[in-house]
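What follows is one structure encoded as structure tokens, with my remarks underneath.
What follows draws every value from the coordinates through simple rules; no lab data is involved. The structure presented is a predicted model; accordingly, all values stated were derived computationally and were not measured. Cβ sites come from the backbone with ideal geometry, for glycine too, and all protein chains shown count toward neighbours.
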Amino acid sequence: MRQLDLFHDSTRTIVLNVLREAIVARNALEAGITFERLLNLDPGHEMASDAGTLIAILETPAPEGPDEGIEWLHALEQEWRPAAVRLLGTGDGRDFLAPVWRCIGEALGPRPFEPVHPERHPSWAYLQGQDWENLKRSVLGVPEHETTRSVLGVPEHETTPVLLARLAEAEYRLGDRTRAIEHWFALCWRAPAVLRGLVDDPDFPDADVAAAWNAAQDQDVEPVLSPEWFPAWMLLQEPSLAARLAPSGKNDGPRRAFDLVYDLLTNRVSDAHGIVLRRELKALHPALLTAYLNRFAGN
């Protein structure tokens, strides 16, 4: 075992920390000089390879066009991100790579979504780089192609759950929570498995939606409060949403239940009609009516 050399080891530590700071600051010149100092001190330093990888990123021109963008995407996933995490840690590594992700998004440019390669759509790169404006733009600006366009001319993101999920997060991060919730509710009805995966993720951005979802999962009721029924449940947990959302206008069970709760909460019905709506809600999902009565009966 190598004997500890306090002077040598402390110098290595200082130089490595200066190197990390230069890389985080994206100062390629200082990083290169400090990297040479580290190699002179310890040619076989365990962090040398990772440091060299990150410095090379700083010195490499941005990719041009989709082909180079895809090459960078592969390099980032397989080599650059692991190196950044090892050398800089998770947080600093993510921040260091954010501009790289944005360069990839720009290089990929406007392109159709490929279900077999969801990561090749620029929205994925912008999501990883936390560039919410460009993420939103890339999703809403997707050109309609014969292979992906709805026969009714519906925008592609509305029928592509992955794009809708990315757009929802962009809307939320940009401060439009209502639009984000609209998209999440659309996923509940159109792609329930996708919504479940999102809201079960510890990094799901809306704590109130996550709390309502967890409360729904704790209910021992029939039908189970699956994603399809969740929008109606969410309205009951956060009634103020009803004033900012619109009814679904659909007649399948979960969406009809949402519309019934919506009508009951917006006070657009007479007492007699309210009784009719409650009866219909009970027939669709008794637990939703119980939740409504427990919270609003007598108000």
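Provide a single number: the residues in region 209-238 that are free of Cβ contacts under 8 Å to residues at least 40 places away in the same chain, assigned to a helix (DSSP H, G or I) and not aliphatic (A, V, I, L, M).
Residues meeting the conditions: 4.
Could you give me the residue pairs with C-beta distances under 7 Å whose first residue belongs to region 109-132 and is under 17 Å from H74 (Cα atoms), whose second residue is assigned to a loop (DSSP other than H, G, I, E, B) and of a type in the set (F, W, Y) wherever it lies, and which are 6+ apart or on separate chains?
From region 109-132, the pairs are H121/F113.
In region 253-274, what count of residues is obtained for those that are hydroxyl-bearing (S, T, Y), in a loop (DSSP other than H, G, I, E, B) and either under 21 Å from E228 (Cβ atoms) or touching a helix residue (DSSP H, G or I) at 6+ places or on another chain (Cβ under 8 Å) (or both)?
Matching residues across region 253-274 total 1.
I need the full set of residues from region 62-85 which are of a type in the set (A, V, I, L, M), part of a helix (DSSP H, G or I) and either over 14 Å from S49 (Cβ atoms) or in contact with a strand residue (DSSP E or B) (Cβ under 6 Å, 6 or more places away or on another chain) (or both), in order please.
Correct list: I70, L73, A75, L76.
Give region 254-274 a look and list any residue that's surrounded by 15 or more Cβ atoms within 10 Å (Cβ to Cβ) and in contact (Cβ under 8 Å) with a residue 24 or more places away in the chain, or say none.
P254, R255, R256, A257, F258, L260, V261, Y262, L264, L265
Looking for whichever is in contact with a Lys or Arg (Cβ under 6 Å, 6 or more places away or on another chain), without any contact (Cβ under 8 Å) to a residue 24 or more places away in the chain, farther than 18 Å from L164 by Cα and part of a helix (DSSP H, G or I) here; the options are L277, L289. Which one fits?
L289
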